[in-house]
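Down below is the structure, laid out as structure tokens.
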Amino acid sequence: MIPVWTADYVLMGYGHGAIMAVPAHDERDFEFAKRYRLPIRDVVYPRAHLAIAFYVRHATHEEEAGDWKRVLADFLGLSTTADIGPDLFAEVLAAVRTRREAPPANEGDGSAAAVTARGSISGEYIDAIAAMGTLADMREQFGSGQHFAAGGAAFAGQGYAVNSSSANAKDVGVTLDLLPTAQAKARAIDWLEATGHGNRKVNYRLRDWAFSRQRYWGEPFPIVFDAQGRHYPVSEAALPVSLPELADYSPVESDEPMPLLAKATTWMNTTAGAAGVSPDVLAPETPVRREANTMPGSAGSSWYFLRYCDPTNRERFVGREAEKYWLGASGSGGTDIYIGGSEHSVGHLLYSRFWQKILFDLGEVSTSEPFARLFHQGLITSFAYQRADKTIVPTDEVKEVSEGRHVVAATGETVTPVLTKMSKRYKNVVNPDDVIAEFGADTFRLYEMYMGPLEQSKPWNTRDAVGIFRFLQRLWRLAVDEQTGELRLRAEPDAGVEKQLHRTVAKVANDVPRLAFNTAISSLIEFVNVATSASGGGAAAGLTRDQLARIALVLAPFAPHMAEELWARLGNRGSLAYQSFPVPDPTLLVDDTVEVPVQVGGKVRAKITVPAGADKAAYEAAAMADEKVQAALVGKTIQKVVVVPGKMVSIVVT
């Protein structure tokens, strides 16, 4: 039996069925379930939450009794900065533990090298982890699938399926666990069709397009009405219809509500001739009344991209040749890519398609689709603070009085931090101007792009912009003498730096078209680390003139202000924006050797170096010959040796 509940938020005209019944992943369902104490079970985790769930299942007793929060933060940093899937979580966690046993020399200095060693800026996760409670609390939340219920907010984004395997999955024949959202949906539909339980069908989420607004701001309708209520168009020669000037924009107090434009009585009540109606349609002296409503914002925003192609054209909204050149040359037609959040694209993208298809049917544009590709960016999340009665306190009115404890600064009232999307509703919006004033626009841009994969939701923490700021400082010092302002250039290139530069060029050139900005920036940080090491930690020049020019070109899409400054100091005239992107040498992209970790009994004991392309036997022989591995095997019996070429060697012992 399935219980049926009714609620006033159910949308009767939306598809078939009342509700999705996923309260952990829909805000309205979540509130309804909380009100009536219905079960709230997690079935989707974003990458960060999936990594947390993995860690709490695999935390060691030593970590639980010690600094488990920092271990988890480092693990999250590595897992979310790179494009790491759940299949590699075990390897990443092992790498984190190895680094903690033997940290790099600069591990604690906050430098860019330390940032790279920690993966993403792991500090941004410490507050979020502390807000989740103890490790035992987290183990209970994730083990029972109650994390979002405990946190007090639903997660409505994309992620990986969890708790989505039937108890008798073997008999049922389908499990969705650990599949990305899109793949999980596809597998479920395939199974429904294969078993005869359902059929694949596309439903369009069409909305009523309320094209008329009772407000001042907006394009006036080019329509007038005579005394009998008949409507007439304003002639093309009289377009566009301009809004009248108003001294007061406040609504009129009346028993019969009226649009704001109705206050402009002289403008509203005019003659056909003054309004611009053709005399062939209506006699010029005929009294007419203009339309008082205006068009919605979507009237302009649904086609403005077309105007960008030909903004000075006074004859047409876009010239035919300009439109074909910019929007018709790609073959698929339209703007190459549309980037926006899922909520925004449902409305704006939908209306843009209406507009474009009308223009196409009229023969005014050459392609029927406005955009060739759609990309959904993830939400930027931030902490919101709730009182006991669930009301929200603005973040700038809250202070942290001790680790994990936050209060209202003015009253001392305790509030609960909740990680949720950044929005005016939750009073947790960060003003970009404040970040730029403290760190500069380049740091702000880099931090946004480095936080994680563009399509994933990511937590914002302004304090962690410091790591990116220091990376830019190190790059600057690598090239410029801070005392004199002169360039520090070496005559001959270091072979290792040159090889790393070609790899960085190739990595960035490959990642940018995929919108993988975070991994592209990681490669830039790695390059600066290599170049700094080659210069003896900064004591000597690290780059040649040619190398600095190339790294400035590679840096430009991410930190254009610093890149332009370096380009100018090299003596170049004009902007580097007009220069070609560097081309890597393919011969310098191939490794002669590879380094992989060796696990003994699940713990990394050593790292070995083997020739690139070596077979499994060579990996195993090198591992067995390592002194640290031999020491770890004393008194143990080898049960199995697992070799993943290029990744790891794992020795199973008893």
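The values are calculated or read from the model by the stated rules, or taken from the named source; none is laboratory data. As the structure is a prediction and not an experimental result, all values here were calculated from the model. With ideal geometry, Cβ positions are generated from the backbone for all residues, glycine too; neighbour counts draw on all protein chains shown.
Here VAL600 clears all of (1) outside the structural domain of LYS499 (by TED's automatic domain parsing); (2) free of Cβ contacts under 8 Å to residues at least 24 places away in the same chain; (3) surrounded by 17 or more Cβ atoms within 10 Å (Cβ to Cβ) except the condition numbered (2).
Mind telling me which of the residues THR637, THR654, THR593, THR609 ends up being hydroxyl-bearing (Ser, Thr, Tyr), surrounded by fewer than 16 Cβ atoms within 10 Å (Cβ to Cβ) and within 30 Å of LEU555 (Cβ to Cβ)? Going through THR637, THR654, THR593, THR609 in turn, the sole match is THR593. Among helices (runs of 4 or more DSSP H) entirely within segment 249-363, having at least 1 residues that are more than 30 Å from THR181 (Cβ to Cβ) and of a type in the set (D, E, K, R) singles out 304-308, 320-327, 342-361. The residues of segment 465-490 that are of a type in the set (A, V, I, L, M, F, W, C) and touching a Ser or Thr at 6+ places or on another chain (Cβ under 7 Å), listed by number, are ALA465, ILE468, PHE469, LEU472, LEU478, LEU489. The single condition from (1) crowded, with 16+ Cβ neighbours inside 10 Å; (2) modelled with pLDDT of 90 or more that THR335 fails is (2).
Considering segment 299-325 alone, what residues qualify as being under 27 Å from the mean Cα position of the chain (by Cα) and either buried (at least 16 other Cβ atoms within 10 Å of the Cβ) or more than 25 Å from ARG215 (Cβ to Cβ) (or both)? Answer for segment 299-325, where residues must be under 27 Å from the mean Cα position of the chain (by Cα) and either buried (at least 16 other Cβ atoms within 10 Å of the Cβ) or more than 25 Å from ARG215 (Cβ to Cβ) (or both): SER302, TRP303, PHE305, LEU306, TYR308. All conditions in (1) surrounded by 21 or more Cβ atoms within 10 Å (Cβ to Cβ); (2) over 22 Å from SER79 (Cα atoms); (3) outside the structural domain of ALA541 (by TED's automatic domain parsing) hold for LEU475, with the sole exception of (3).
When LEU489, LEU446, LEU515 are checked against the criterion of being surrounded by fewer than 19 Cβ atoms within 10 Å (Cβ to Cβ) and in contact with a helix residue (DSSP H, G or I) (Cβ under 6 Å, 6 or more places away or on another chain), a single residue qualifies: LEU489.
In the set (1) in contact with a helix residue (DSSP H, G or I) (Cβ under 8 Å, 6 or more places away or on another chain); (2) within 25 Å of PRO296 (Cα to Cα), the condition left unmet by ASN199 is number (2).
Residue by residue, here is whether (1) within 20 Å of ALA577 (Cβ to Cβ); (2) at pLDDT below 95; (3) of a type in the set (Gly, Ala, Ser) holds:
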residue: ILE468; (1), (2), (3): no, yes, no
residue: ARG490; (1), (2), (3): no, yes, no
residue: GLY496; (1), (2), (3): no, yes, yes
residue: HIS502; (1), (2), (3): no, no, no
residue: PRO513; (1), (2), (3): yes, yes, no
residue: ASN529; (1), (2), (3): no, yes, no
residue: LEU555; (1), (2), (3): yes, no, no
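When segment 623-654 is filtered for residues that are under 19 Å from ALA95 (Cβ atoms) and in a helix (DSSP H, G or I), the ones remaining, listed by number, are ALA623, LYS628, VAL629, ALA632.
Within segment 406-429, the residues that satisfy the criterion of being in a loop (DSSP other than H, G, I, E, B), surrounded by 13 or more Cβ atoms within 10 Å (Cβ to Cβ), hydrophobic (A, V, I, L, M, F, W, C) and out of contact with any Ser or Thr (no Cβ under 6 Å at 6 or more places or on another chain) are ALA409, VAL429.
Looking only at residues in segment 75-104 that are among the small types (Gly, Ala, Ser) and buried (at least 16 other Cβ atoms within 10 Å of the Cβ), the one that is modelled with the lowest pLDDT is ALA82. Selection of segment 51-74 for residues being surrounded by fewer than 16 Cβ atoms within 10 Å (Cβ to Cβ) and either part of a helix (DSSP H, G or I) or modelled with pLDDT of 90 or more (or both) yields ARG57, HIS58, THR60, HIS61, GLU62, GLU64, ALA65.
Residues LEU548, LEU524: which one is farther than 30 Å from VAL629 by Cβ, within 29 Å of the chain's Cα centre (by Cα) and in a helix (DSSP H, G or I)?
When all the criteria are applied, what remains is LEU524.
Condition check: closer than 30 Å to GLY646 by Cα, touching a strand residue (DSSP E or B) at 6+ places or on another chain (Cβ under 7 Å) and surrounded by 19 or more Cβ atoms within 10 Å (Cβ to Cβ). Does ALA520 satisfy that? In short, no. Within this structure, ALA606 passes the test of being closer than 30 Å to ARG97 by Cα, hydrophobic (A, V, I, L, M, F, W, C), in a strand (DSSP E or B) and not assigned by TED's automatic domain parsing to the domain that holds ALA509. Taking segment 111-178 and the helices (runs of 4 or more DSSP H) fully enclosed by it, the elements with 1 or more residues that are surrounded by 20 or more Cβ atoms within 10 Å (Cβ to Cβ), at pLDDT 90 or above and not assigned by TED's automatic domain parsing to the domain that holds ALA516 are at 135-143, 147-151.
Taking the listed residues PRO296, PRO251, the one that is without any contact (Cβ under 8 Å) to a residue 24 or more places away in the chain, under 42 Å from the mean Cα position of the chain (by Cα) and either surrounded by fewer than 16 Cβ atoms within 10 Å (Cβ to Cβ) or closer than 30 Å to GLY319 by Cβ (or both) is PRO251, with no other qualifying. Restricting segment 1-45 to residues that are charged (D, E, K, R) and assigned to a loop (DSSP other than H, G, I, E, B) leaves a set whose member that is modelled with the lowest pLDDT is ASP8.
ALA48 falls short on exactly one of the conditions (1) modelled with pLDDT of 90 or more; (2) in contact with a Gly (Cβ under 9 Å, 6 or more places away or on another chain); (3) in a helix (DSSP H, G or I), and that condition is (1). Among GLU403, GLU364, GLU397, which is among the acidic types (Asp, Glu), touching a strand residue (DSSP E or B) at 6+ places or on another chain (Cβ under 7 Å) and surrounded by fewer than 18 Cβ atoms within 10 Å (Cβ to Cβ)? Answer to the selection: GLU397.
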